[in-house]
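This report concerns only the one structure given below.
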Amino acid sequence: MTSGANGSAAVPAAEPWGIELKDVTVRYPDGTLGLNGVTLSIAPGEMVAIVGLSGSGKSTLIRAINGLVPVTAGEIAVGGHRVEDAGARALRRLRGEIGMIFQSFNLAGRTSVQNNVLVGRLAHTPAWRTLLGWYRPRDLDLAHRALARVGMLEKLYNRADALSGGQQQRVAIARALAQEPRVLLADEPVASLDPPTAHTVMRDLSAINRDLGITVLVNLHALDLARRYGVRLIGMRAGTVVYDGAATGAGDDVFEQIYDRPIRAEDRVASITGEIGRDASTGEPE
Amino acid sequence: MSTTAGIVLPPRPSGRWRRWAGAALVAAITLVTLLPGIGIGFELTSLLENWRNGAERIGRLLVPDWSFFPRTVRPLLETLQMAVIATAVGAGLSLPLSFWAARTTNPGAVGRGIVRAVLNTVRAVPDLLYAAILVAMVGVGALPGILALVLFSVGIIVKLVSEAVEATPTGALEAGRAAGGSQAQVIHALALPDAWPPFVNQTLYMLELNVRAAAVLGLVGAGGIGLLIDQVRSFYRYDQIALIIVELVVIIIVIEAVSGWARRRLV
Ligand SMILES: Nc1ncnc2c1ncn2[C@@H]1O[C@H](COP(=O)(O)OP(=O)(O)OP(=O)(O)O)[C@@H](O)[C@H]1O
Ligand SMILES: [Mg+2]
């Protein structure tokens, strides 16, 4: 199961990008306020965990960054490129540089793992090539390396819906990696996985950040995962940022401040190694 | 806002009356059609009076005139050809149109609205009427029949397949858009695999419908066995009509078997 950083199958990384949000507000068509004046600056190559209660705006934040949710006011720039006023073409090009991972994996179940990972090459492939299924050797190579990196290469020709949840999420990570992304956005990537698998996937994400230098933003429900895998911790409540600091130094009091209520057992994922109250000084698990 | 034992319910979304209004409308329409004077004039008595007449003809339908077979071969083949060509052309046109007509694969409300409006119109006109009009435009023969069946096929396949497309989860499409894929790329790479089984199923079923429809298009001069049916019918040769019915039944059964086989291989 361990799939972490084996250097031989490393995907060459492009220069990572930073993210700037200036006073960003998102109001949904039904009037709900998703983000309320968020200002954030994320440096290239950072590993950021975003936590907050359900409905606090974590998904909205992540999805505004790649333009899946339109902003009502404010400015978002990724790698210096403005997102909110990008035209359709520019937005597609920008999205090509930003990998995204979803809670429900979002694979096309009826097609092969290889085809799913090649979706990561869409922005870099002319439409006629995708229509003929005639991908460049380099695109195929990128897809295969990305799969090897998450330890899923042997499933290349399997149908995606024949995989377990954890395997599907690793294929989804490979799909994002095949983009050679400069930023990786993950919206609760482990919320539908069991604890051991959740740790495997989180280790993959943290290795991607460490070895490839890609900027990673990951939404998490569980505070122990945030503390363990995040380097920087951003806490959200009611569409605003209420905490922004180092993840390692954040004790339960910080989470109680973010959640605005006492910590409960269900705020943690039962850890495989039983280190819920892990000492912050211990090194990253490998 | 109502309060029940201390809990406060959020305000109800508007539009719940629509369901009741729909049911009331159906009831009203049914009532009006049954009213004497304006209604369809449906009477049980006339059904009983004509029964004696009909029974005798049904009797003759039970004894097919087998010697008539050689004359039916060519028009039957033409009927089949019309149905196969129209189904193939119609299905080819329907596949892209289905994605164009589905909300999940075409977020543009204007383009989608236009496609849907045109298709609703296409579907509202009966195939026999298309054939009659097209015969007047392009002349007697198989061509107007084929054109009529293409319209008939597109109207039905696009409706059913686009509904199937809208019913499939959109997560994969969203992932494709998030990766920077264009609309066409996302549809081809991610929507097509899911739309393929319903598309194949509807197309094979459409072939069956088209054989049946093609058999009567000849009544208005649009080729196929219908012309022959019209002739023997005017001479009250119910035994010969019986033979044609037997032949059509056999063809439908064969198509059913072939499409079952094709379905297992294509889906
Ligand atoms: N498509 C939408 N239309 C209307 N309101 C929405 C939509 N998506 C989210 N919201 C609202 O915006 C607010 C923030 O939602 P968001 O999904 O960003 O929260 P979240 O922190 O990701 O929650 P969770 O942990 O449950 O995923 C919530 O009040 C939610 O109800
Ligand atoms: Mg969310």
Is the range A:47-57 home to any residue that is more than 13 Å from chain B (Cβ to nearest Cβ) and more than 15 Å from ligand 2 (Cβ to nearest atom)? yes
Selection from the range A:58-92 of residues that are away from chain B (no Cβ under 14 Å), away from ligand 1 (no atom under 15 Å from the Cβ) and among the basic types (Lys, Arg): A:Arg82
Is at least one residue of the range B:163-176 open to solvent by 60 Å² or more (accessible area, probe 1.4 Å) and touching a Ser or Thr at 6+ places or on another chain (Cβ under 6 Å)? yes
Quick check on A:Asn106: is it part of a loop (DSSP other than H, G, I, E, B) and out of contact with any Lys or Arg (no Cβ under 6 Å at 6 or more places or on another chain)? yes
The residue from A:Ser112, A:Ser104 that alone is within 14 Å of the chain's Cα centre (by Cα) and facing another protein chain (nearest Cβ under 10 Å) is A:Ser104
Selection over the range B:8-23 where residues are open to solvent by less than 90 Å² (accessible area, probe 1.4 Å), at pLDDT 80 or above, outside any helix (DSSP H, G or I) and of a type outside the set (A, V, I, L, M, F, W, C) yields a count of 0
Report, by residue number, each residue of the range B:92-111 that is open to solvent by 40 Å² or more (accessible area, probe 1.4 Å) and part of a helix (DSSP H, G or I). B:Gly92, B:Leu93, B:Pro96, B:Leu97, B:Trp100, B:Ala109, B:Val110
Condition first: out of contact with any helix residue (DSSP H, G or I) (no Cβ under 9 Å at 6 or more places or on another chain), open to solvent by 10 Å² or more (accessible area, probe 1.4 Å), closer than 25 Å to A:Val201 by Cβ and part of a helix (DSSP H, G or I). Can you find one or more residues in the range A:132-139 that meet it? no
Determine which member of the set A:Leu220, A:Leu185 is more than 18 Å from A:Ala43 (Cβ to Cβ) and either within 12 Å of chain B (Cβ to nearest Cβ) or within 16 Å of ligand 1 (Cβ to nearest atom) (or both). A:Leu220
Might you check whether a residue that is under 21 Å from A:Asn209 (Cβ atoms), facing another protein chain (nearest Cβ under 8 Å), outside any loop (DSSP other than H, G, I, E, B) and in contact (Cβ under 8 Å) with a residue 40 or more places away in the chain occurs anywhere in the range A:142-160? no
Condition met for A:Arg129 (over 15 Å from the mean Cα position of the chain (by Cα) and more than 14 Å from chain B (Cβ to nearest Cβ)): no
Give the residue, chosen from A:Ser56, A:Ser41, that is polar (S, T, N, Q), in a loop (DSSP other than H, G, I, E, B) and in the same structural domain as A:Ala77 (by TED's automatic domain parsing). A:Ser56
Among the residues of the range B:141-177, write down those that are within 25 Å of B:Ala191 (Cβ to Cβ) and not in a helix (DSSP H, G or I). B:Thr168, B:Pro169, B:Thr170
Return the only residue of B:Ala213, B:Ala189 being surrounded by 20 or more Cβ atoms within 10 Å (Cβ to Cβ), within 30 Å of A:Pro181 (Cα to Cα), among the small types (Gly, Ala, Ser) and modelled with pLDDT under 95. B:Ala189
Single residue of A:Leu163, A:Leu156, A:Leu185 found to be closer than 23 Å to A:Gly120 by Cα and open to solvent by less than 10 Å² (accessible area, probe 1.4 Å): A:Leu185
What pairs come up if the first residue lies in the range B:177-198 and is touching a residue at least 12 places away in the same chain (Cβ under 8 Å) and within 7 Å of chain A (Cβ to nearest Cβ), the second is basic (Lys, Arg) and open to solvent by 20 Å² or more (accessible area, probe 1.4 Å), and their beta carbons are under 8 Å apart, counting only those six or more places apart or on different chains? B:Asp194/A:Arg110
Exception for A:Ser54 within (1) near ligand 1 (Cβ under 10 Å from one of its atoms); (2) modelled with pLDDT of 95 or more falls at (2)
Looking at the range B:62-85 only, could you name the residues that are open to solvent by less than 90 Å² (accessible area, probe 1.4 Å) and more than 28 Å from the chain's Cα centre (by Cα)? B:Pro64, B:Asp65, B:Phe68
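Yes/no per residue for (1) under 16 Å from B:Ala91 (Cα atoms); (2) not in a helix (DSSP H, G or I):
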{"residue": "B:Ala189", "(1), (2)": "no, no"}
{"residue": "B:Tyr205", "(1), (2)": "yes, no"}
{"residue": "B:Gly224", "(1), (2)": "no, yes"}
{"residue": "B:Leu228", "(1), (2)": "no, no"}
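The values are calculated or read from the model by the stated rules, or taken from the named source; none is laboratory data. Bear in mind that the values here come from a model prediction, so they are computed numbers and not experimental data. So basically every Cβ, Gly included, is an ideal-geometry build from the backbone, and we count neighbours across all protein chains shown. Accessible surface is based on the protein model in full, side chains and every heavy atom, while ligands, DNA and RNA are left aside. Shrake-Rupley method; radii C 1.70, N 1.55, O 1.52, S 1.80 Å.
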